[in-house]
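Here is the structure we will look at.
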Amino acid sequence: MDAKHGETRGMSRKDLLRASGIVSLVTFGLPGCQFLSTDPDTRGRSGDGEAARGVEAPELARKVKAGELPPVKERLPENPAVVQPVERPGQYGGEWHTLLQGSADTSWAARILFYDYLLRWDPEWTRVLPNLAEEFEASDDATAYTFRLRRGVKWSDGAPFTADDIVFAQNDVLSNPELYPVPPWPGRAEKVDDITVRITLDEPDGLFLQRQCTALGRHLIGHPRHYAQRFHAAYNPDADEMAKAEGFEDWVAWYGAKLDPYRNVELPVLSAWKFTSAPGSGTRAVAERNPYYWKVDTEGRQLPYIDRVVFELINDVQVMVTKAIAGDFDIHCRHFNTLTNKPVLARGRSRGNYDFFALRSGSMNHTLIQLNLTHKDPVLREAFQNKDFRIGLSHAINRQEIIDAAFQKQGRPWQAAPRPESEFFDEEMATQYLEYDVELANRYLDKAGYAARDGEGRRLRPDGKPLAFTLEFSAELRPEWADTAHMIAAYWKAVGLDVMAQPRSRSLWIERVAANEHDVVIWQGDQGGYNAMATLLEPFYFFPQLPGGSRFAVRWAEWYQTGGASGEEPPEFNKRQMALYDEILATTDQERQFVLMKEILAIAKENFQVIGVGLEANGYGIVKNNVRNVPAEMIDTYTVQTPGHTHPEQYFIES
């Protein structure tokens, strides 16, 4: 977190936040350099490639000359954000060839194209930095947040980006119950002046600034008022009629479609590139540079360097690997970059003219086992809620065998606990109940009350039926889980449990969890464990915080999120965790937040509600040898939108 939130003394929070308009941080291999600042300079100038190194892309210069675009000075804001290139100032031109796993794969597109919110993370994920907002201020009670925008920023169609856009997004979209039945943060926005907006929340949120650095940040900057209001019933009395004329059920569905950047190529955006050929309209999608993009390099040259991003739509992972080896992709670090595929991709580097870059895993565990503690079946609910039962299951798992067989011997046995790199690392929490000991597992299962067995050795429920349940997984997300799930099922059968490993499509898996219809599921611990910031923002594996994340207790998480209006009341220790998290949200004092989170983790450790298998190993991505300014190493997590936090707009293709 930024110094303005408790690390520095002697300056007011207001002074520190205003000072953040110009920030300095260390980037990979560039000690002391500014990655994102507001002061162009002449560092890195050279005489090579001058034709491709003007103040704007040649294709835009041609449009200016033809009278199709205003001059670059009129397109840039008064104080453009300055990005320090990783290696050197780049050259304009070229296409970034990558892929999407089908037309619904919005996550990878978002990571490349749309990581530009009011605020952003630094590349090391330690501080909140200015972005579209030059200055930002938080009230002491964590309910009011003021943002001063960069004056002169424009949407991709040339319309001004002002406080009116933020007010419209907060008051007319996020606060509209038809559009957002569950708003990301209930509150109201007030226009202070053309470039200053104050958001007052209904409830305190001491992590509101940090949320603006995540994918949630798009909520406030994804609704251009001048464009969106024509689809909104509050501004267009004929909205429902017009929606139905276009084949939509109502204005809400119409608005959603028109404000979808992955489907509507006419939607103005603030990102470096925007779709001109959307996913779903063919076998590829194309995003072209935004001529009004508001960032420059250290020489004052408008970004991005790369002309366009071309996404090929591919569903089959093996086809992806084949095309990668053929050199068809310029930069990619998703979908096929598994440990299993690494040897074959390594052998193909020379042929494909690419190399690897390192990904520091942001995931605390490659396989989290979540028993449904709020199961609809009272007998399974009672078993799953029994801590001794869960400890018995844990001791029955041969984690090292799984790691060796399914994960290429990468990683080590690990529970659901913060990574060693985290400020919250607790070795005891990470290593408790890891020992593979069938005899010990049986003792715990007997102690839990399931000592009775039938003639086939199966443990019996109180009603005399075999204690049976299903372990559900989605190999679409991680192919390693097919072997992992079947091995876990076999280990549990060996201690008398009737367990079946059941593959599900990702969509069906999600639907079943949301409906609380699952028995036991496995998912990766991809959030909440890398560092303190991750745990504070996404603690849903450590207590029932979010129904979509806390799959071990969906109904308890629902109770927490709705203030008891729906869901089911959780045990007292979980309610204590919820109260502690409410205290975290009620303060912007980082030291206080850390103390409170440590207590939440201590309770999680004591009650052991989620079972882990193995610490996620670091990964890799591929990059063509002529693509420059890609860091040799980057953190890999959805929370920082990898590779978005490394400024893809400063990547360039060397001719």
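The values are calculated or read from the model by the stated rules, or taken from the named source; none is laboratory data. None of these values were measured; they are calculated from a predicted model. Neighbour counts run over all protein chains shown; Cβ positions are idealised from the backbone, glycine included.
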Inset, instruction - Run Leu313 past the list (1) crowded, with 20+ Cβ neighbours inside 10 Å; (2) within 23 Å of Ala215 (Cβ to Cβ); (3) touching a residue at least 60 places away in the same chain (Cβ under 8 Å) and report the number of the one that doesn't hold. - result: (1)
Legend entry - Residues being surrounded by 18 or more Cβ atoms within 10 Å (Cβ to Cβ), touching a strand residue (DSSP E or B) at 6+ places or on another chain (Cβ under 9 Å) and either farther than 28 Å from Thr646 by Cβ or among the polar types (S, T, N, Q) (or both) - total across the range 200-231: 4
Inset, instruction - Considering only the range 443-455, state which residues are in contact (Cβ under 8 Å) with a residue 12 or more places away in the chain and either more than 17 Å from Gln385 (Cα to Cα) or basic (Lys, Arg) (or both). - result: Arg443, Lys447, Arg453, Asp454
Inset, instruction - Quick one: count up the residues across the range 445-492 that are part of a loop (DSSP other than H, G, I, E, B), under 29 Å from the mean Cα position of the chain (by Cα) and either of a type in the set (Lys, Arg) or surrounded by 20 or more Cβ atoms within 10 Å (Cβ to Cβ) (or both). - result: 2
Inset, instruction - State all residues of the range 469-507 that are out of contact with any Pro (no Cβ under 9 Å at 6 or more places or on another chain), more than 24 Å from Val438 (Cβ to Cβ) and of a type in the set (A, V, I, L, M); if no residue qualifies, say none. - result: Leu477
Legend entry - Residue that is within 28 Å of Asp202 (Cβ to Cβ) and in contact with a Leu (Cβ under 7 Å, 6 or more places away or on another chain), where the choices are Val83, Val128: Val128
Inset, instruction - Among the residues of the range 522-564, write down those that are among the small types (Gly, Ala, Ser), modelled with pLDDT under 95 and part of a helix (DSSP H, G or I). - result: Ala532, Ala534
Legend entry - The listed residue being closer than 30 Å to Ser550 by Cα and in a strand (DSSP E or B), out of Leu368, Leu339: Leu368
Inset, instruction - Inspect the range 86-102 for any residue being surrounded by fewer than 22 Cβ atoms within 10 Å (Cβ to Cβ), farther than 26 Å from Ser655 by Cα and not polar (S, T, N, Q) and give the result as yes or no. - result: yes
Inset, instruction - Only residues that are in contact with a Leu (Cβ under 8 Å, 6 or more places away or on another chain) and of a type in the set (A, V, I, L, M): list them for the range 528-584, please. - result: Leu536, Leu537, Ala553, Ala557, Leu580, Ile584
Inset, instruction - Would you be able to say whether some residue in the range 243-260 is assigned to a loop (DSSP other than H, G, I, E, B) and under 24 Å from the mean Cα position of the chain (by Cα)? - result: yes
Inset, instruction - Answer yes or no: is there a residue in the range 315-326 that is part of a loop (DSSP other than H, G, I, E, B) and in contact with a Phe, Trp or Tyr (Cβ under 9 Å, 6 or more places away or on another chain). - result: no
Legend entry - Candidate set from the range 232-241 (those that are among the small types (Gly, Ala, Ser) and assigned to a loop (DSSP other than H, G, I, E, B)); member that is surrounded by the most Cβ atoms within 10 Å (Cβ to Cβ): Ala233
Inset, instruction - Quickly run through the range 58-77 and pick out the residues that are under 15 Å from Asp297 (Cα atoms) and part of a loop (DSSP other than H, G, I, E, B). - result: Leu76, Pro77
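Here is a yes/no grid of residues against (1) surrounded by fewer than 17 Cβ atoms within 10 Å (Cβ to Cβ); (2) polar (S, T, N, Q):
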| position | (1), (2) |
| --- | --- |
| Pro571 | yes, no |
| Arg576 | yes, no |
| Asp582 | yes, no |
| Glu591 | yes, no |
| Val595 | yes, no |
| Gln609 | no, yes |
| Gly619 | no, no |
| Val630 | no, no |
Inset, instruction - Could you please let me know if Arg458 is more than 30 Å from Pro418 (Cα to Cα) and either touching a residue at least 40 places away in the same chain (Cβ under 8 Å) or in contact with a strand residue (DSSP E or B) (Cβ under 6 Å, 6 or more places away or on another chain) (or both)? - result: yes
Legend entry - Odd one out for Trp155 among (1) within 30 Å of Glu68 (Cα to Cα); (2) touching a helix residue (DSSP H, G or I) at 6+ places or on another chain (Cβ under 7 Å): (2)
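Conditions tested, residue by residue: (1) among the hydrophobic types (A, V, I, L, M, F, W, C); (2) out of contact with any Lys or Arg (no Cβ under 7 Å at 6 or more places or on another chain); (3) within 21 Å of Phe473 (Cβ to Cβ).
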{"site": "Phe540", "(1), (2), (3)": "yes, yes, yes"}
{"site": "Gly567", "(1), (2), (3)": "no, no, no"}
{"site": "Met578", "(1), (2), (3)": "yes, yes, no"}
{"site": "Glu583", "(1), (2), (3)": "no, yes, no"}
{"site": "Asp589", "(1), (2), (3)": "no, yes, no"}
{"site": "Leu601", "(1), (2), (3)": "yes, yes, no"}
Legend entry - Among the candidates Val495, Val513, residue that is closer than 21 Å to Phe608 by Cα and assigned to a loop (DSSP other than H, G, I, E, B): Val495
Legend entry - Condition check for Val182: of a type in the set (A, V, I, L, M) and surrounded by fewer than 16 Cβ atoms within 10 Å (Cβ to Cβ): yes
